[in-house]
Amino acid sequence: MSFSRKMAWRNYLVEGFLILASLLIILPLLIMLFGSFMTSSEVLKFSLRLPEEWKFSNYTTVFKEGGLGRAFLNGMLITGVSSILNIFTSSAASFILVRRETKWSNFLYMFFFMGLIAPMSTITTIRVVQWMGFYGSITSVILIYASLNTAFSVFLYSGFIRSIPKALDEVAFLEGANTFDVFFKIVTPLIVPVNATVAIMVFMSVWNDITIPLYFLTDSSDWTMPLSVYNFYGKYSRDWNLIFADLVLTSLPVLILYIFCQKYIVSGLTAGAVKG
Amino acid sequence: MKVSKRLYSYYLIWPALLIYSVFFVLPALTGLFYSFTDWRLDREAIKFIGWDNFERIFTDRTLLLAMKNTAIFAIVTVLGKNLLGIALAVGLNMKLKSKNLLRAIFYSPSILSVLVISIVFTPMLRSDGTINRIFEAVGLPSLSQAWLTNPALVIWTVAFVSIWQHTGFQMAIYLAGLQSISKEYYEAATIDGAGSWRSFRSITIPLLLPAININLMLTLIGGLKVFSEVFVLTGGGPGNASQVVGTIILRSFGEGSWGLGTAVNTLLFAAVTVIAIPLLIFMRRKEVSE
């Protein structure tokens, strides 16, 4: 009895401490959110308070001045296509890598795995894309994101596919199916949860990135949202209300995705990172 | 009833292998070659110059400072993100009423862009900014600092912002690890008279090792590759006080000294590999022993 009472006290103590600590996370985000509705002079105090008057017009101003409509569509195109490409190529490759337990497939697994470790060679990647004749294009950026995420996706898929019994494939093969049938009709339906995880992880990292567009998108009409926001931040350095509105707008897509898909993030991390 | 390996067609590997090889591996290999040349934007002819680029890196004060800053950033963020990440995960694995809400709050900054968080922190870290005003309000004016303009402090400030943003991600991996530990171990330990610290040391830490290893590797590699935080918060300044390897590469690219830039990248590649491979081997050994 006294033991469980002691436990309860300890839990209250921990809970109180964690709630206090969570304020450290919430307050800066609220300063941004509330600030995005203020006037440009009111926001300059950068302290936590509700706006005197909620100025929704900041958002329409930002959307027009920052050219965000175009940037949103660019971001959707780049993020969407590179995620789908990455999901398809990485899951197919992982299936074979896991199932063929040969030296060659082990070598290829390590070859992909090195991509998790090695940093990207930006300057020579530009060179390679120039040789191929499409430097500065959205296509080049899509292919670069697909290749950059290959290592992490193969790592996640391999961990999961290893847990699918091989007997399933064997039965199908005996019935006369080929590799493609087995992959598309048996394995693909089983890895839907990992597809969701990879889609979310790739979507978030690509949507939020500024490095690749900075180096590879030479024409500002091709820019994604964060890079447009960075440019806007440089130009409107006095209007923090507009800057904050811009930041909120660029965060909305990932926030919505996170709210609807959070269970896949955790299950994917468990399957891939912790058990894999 | 063994199925022939030949049934698993290698064709399915090709698309991933092709994209990965052309846009990741090929640039890495050509980078290795260009590191030893005087490749410049404004010159057609490329000359092989041996180790000159590397000699320059190790004698140039800015470049040395950039490497030192990268190392500081990596070590500080690895320690900060993992110690705080474990602490948060252990706390939020207890029976708390608000645990789901708190988990979501701590995780939330890591889904946002580094750009967003860095811009939000910029006005708060100024000398007259929110953080210093809070210190003054609670009667600790001696703690207020020129967070982003003091050369001795700036890289630590950038590391702090990164810890603030990403610890929640590490926490999520640790939570997943904690939830895979069976409660029976703890019950047995309690019956044997072990206190909570003893249980933590002898049960939690050993069984959490896979998660610890993956987190150490992710934070270390991420720390050595740092770019966006510095680019947005300080641009490498004041002066060159917060330059890191990532910003030096951007600068070399802008200046057109591409041979030097690729040499810096090659050095980063070497450093990451030399540190990460032993960690990986350690991880594999752990996996076997489990």
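The values are calculated or read from the model by the stated rules, or taken from the named source; none is laboratory data. Not measured: the values here are computed from a predicted model. Here the Cβ positions follow ideal geometry from the backbone for every residue, glycine too, while neighbour counts run over all protein chains shown.
Some observations on this one:
- Residue check for A:LEU156: modelled with pLDDT under 95, within 9 Å of chain B (Cβ to nearest Cβ) and part of a helix (DSSP H, G or I): no
- Options B:ALA71, B:ALA87; residue that is surrounded by 15 or more Cβ atoms within 10 Å (Cβ to Cβ), out of contact with any Ser or Thr (no Cβ under 9 Å at 6 or more places or on another chain) and within 14 Å of chain A (Cβ to nearest Cβ): B:ALA87
- Enumerated helices (runs of 4 or more DSSP H) restricted to the range B:88-137, each holding at least 3 residues that are under 25 Å from A:VAL229 (Cα atoms) and not small (Gly, Ala, Ser): B:99-107, B:114-124
- Put simply, of B:ILE221, B:ILE205, B:ILE277 the only residue that is in a helix (DSSP H, G or I), surrounded by 19 or more Cβ atoms within 10 Å (Cβ to Cβ) and either of a type in the set (Asp, Glu) or out of contact with any His (no Cβ under 8 Å at 6 or more places or on another chain) (or both) is B:ILE221.
- Matching option when the condition is facing chain B (nearest Cβ under 9 Å), under 27 Å from A:LEU44 (Cα atoms), touching a residue at least 40 places away in the same chain (Cβ under 8 Å) and in contact with a helix residue (DSSP H, G or I) (Cβ under 9 Å, 6 or more places away or on another chain), among A:LEU242, A:LEU227, A:LEU255: A:LEU227
- Note on the range A:135-153: residues that are polar (S, T, N, Q), more than 10 Å from chain B (Cβ to nearest Cβ) and part of a loop (DSSP other than H, G, I, E, B) total 1.
- Failed condition for B:GLY85, given (1) touching a Gly at 6+ places or on another chain (Cβ under 9 Å); (2) farther than 24 Å from B:ALA176 by Cα; (3) assigned to a helix (DSSP H, G or I): (2)
- Only listed residue being touching a helix residue (DSSP H, G or I) at 6+ places or on another chain (Cβ under 8 Å), farther than 30 Å from A:LEU252 by Cα, more than 10 Å from chain B (Cβ to nearest Cβ) and at pLDDT below 95, chosen from A:ARG100, A:ARG162, A:ARG127: A:ARG162
- Checklist (1) more than 19 Å from the chain's Cα centre (by Cα); (2) assigned to a helix (DSSP H, G or I) applied to B:ILE72, failing item: (1)
- Looking across the range B:6-62 at every residue that is among the small types (Gly, Ala, Ser) and free of Cβ contacts under 8 Å to residues at least 60 places away in the same chain, the one that is farthest from A:GLY115 (Cα to Cα) is identified as B:ALA45.
- In the range A:167-190, the residues that are without any contact (Cβ under 8 Å) to a residue 24 or more places away in the chain reach residues that are loosely packed, with under 13 Cβ neighbours inside 10 Å and of a type in the set (D, E, K, R) with C-beta atoms within less than 9 angstrom, at least six apart or across chains, in these pairs: A:GLU170/B:LYS2; A:ALA172/A:LYS185; A:ALA177/A:LYS185.
- Candidate set: the range B:198-251, residues that are under 25 Å from B:ILE275 (Cα atoms) and more than 21 Å from the chain's Cα centre (by Cα); chosen: the one nearest to the other protein chains (Cβ to nearest Cβ): B:LEU207
- Tallying residues that are touching a Ser or Thr at 6+ places or on another chain (Cβ under 9 Å) and part of a helix (DSSP H, G or I) within the range A:234-252 yields 12.
- Hits in the range A:165-201 (condition: of a type in the set (D, E, K, R), within 11 Å of chain B (Cβ to nearest Cβ) and in contact with a helix residue (DSSP H, G or I) (Cβ under 8 Å, 6 or more places away or on another chain)): A:LYS166, A:ASP169, A:ASP181
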